[in-house]
Structure formats: structure tokens, C-alpha cells
1. Helix-only mean residue ellipticity at 222 nm, the chain, DSSP H runs n ≥ 4 weighted -39,500 (n - 2.57), per residue, nearest 500. What is it?
2. Hey, what did the chain get for relative contact order, percent, Cα under 8 Å, at least 6 apart?
3. Arrange the following residues from fewest to most other Cβ atoms within 10 Å of their Cβ: Thr110, Thr50.
4. Give me Ser3, Ser65 ranked fewest to most by other Cβ atoms within 10 Å of their Cβ, as a rough exposure proxy.
5. Starting from the Cα of Phe64, step 7 Å toward the Cβ, then list every residue of the stretch 1-29 with an amide N under 18 Å from that point.
6. Give me the one-decimal nm value for the distance between modelled label points at Thr73 and Arg25, 7 Å along each residue's Cα-to-Cβ direction.
7. Which of Arg71, Arg27, Arg42 has the fewest other C-beta atoms within 10 Å, and how do the rest follow up to the most?
8. Return the aspartates and glutamates within reach of Lys58: Cα separation strictly under 14 angstrom, same-chain partners fewer than 8 residues apart disregarded; answer none if there are no such residues.
Amino acid sequence: MESIWNYLKAGGVFYLATVEEDQPRVRPMHAIVLVEDKLYFRAGREKGITRQLLHNPKCELCAFSGRDWLRITAKAIPSEDAAASAAMEAQYPVRPGDGTPQLFCLCEGTAVLAKYADVQKIVHF
């Protein structure tokens, strides 16, 4: 899991997709921590992302760097883990306007890290 976290940190920005009713929603994110081999991110409790994940925890993260890409398919489960919360606050302090933070843990996931040139083209219609 550390290699996945290192990839996300090195890229600086990753994209998180959620579902709102029948519409996908994607947004850039950057705050993610690794604690006890688990990935955590946070969002404002008042934000659409939090409402969406509380309704349907399925999500995907995607990042790209040079010729490599990463995709994580997982569930984002609300967490009250004190160590993860402290690590998040230490690395990404809450700023004015961020709202009340909600911590999420990624679980039941699959991460695919691949070389861009090695991916076969797949098209579904």
C-alpha cells in the first residue's frame, strides 16, 4: 500500500469519482494519508462529496504521471480513527472555509498501477 500512497503523493493531485443518483461526479483532491497500511482522505461534511459517499460509498481514484497511471476502485467508509485524523491534520491543516472535516477510509478496494504503453486498448459500447 505504501507504493500506492507514494504514487499519489508524488503526483500532487488525484481525481476522485463518486455517484450522485445516476450522474458521476469527479473532483481533484490532494489530501491523502497512509496510516497502518490504510489510505484516508477527508472532505467537508457539508459538501456534495460527503453526501454522495454516505449514500453510496463506491468510488474511484485516478492519477496520472508521465507514462504511468493509477486507478483505485474502493469503498470510502466514514472513519473516526484518531491516528489517521491526527496525521491528516498534521499534513493538511484545516483552513478557514474548509468546513467541518469528515475523514474517510478506503477499503474493499483494488489498485491498478500500470505503465501507459503497456495498457491494451479496450472499448465498450
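No value in this document is a laboratory result; all are computed from the given coordinates. This structure is a prediction, so every number in the text was calculated from the model and none was measured. Using ideal geometry, Cβ is built from the backbone for each residue, glycine included, and neighbour counts are taken over all protein chains shown.
1. Numbers: 3 runs with 28 residues, N = 125.
Result for the chain: -6500 deg cm²/dmol, rounded to the nearest 500.
2. Details: 213 pairs, mean separation 33.6, N = 125.
This gives 27 percent for the chain.
3. Values: Thr110 9, Thr50 21.
The order, fewest Cβ neighbours first, is Thr110, Thr50.
4. Working: Ser3 10, Ser65 13.
The most exposed by this proxy come first: Ser3, Ser65.
5. Counting only backbone N, you get 7-18, 25-29.
6. 2.2 nm
7. Numbers: Arg71 17, Arg27 12, Arg42 23.
Going from least to most buried by this count: Arg27, Arg71, Arg42.
8. The qualifying aspartates and glutamates are Glu20, Glu21, Asp22, Glu108.
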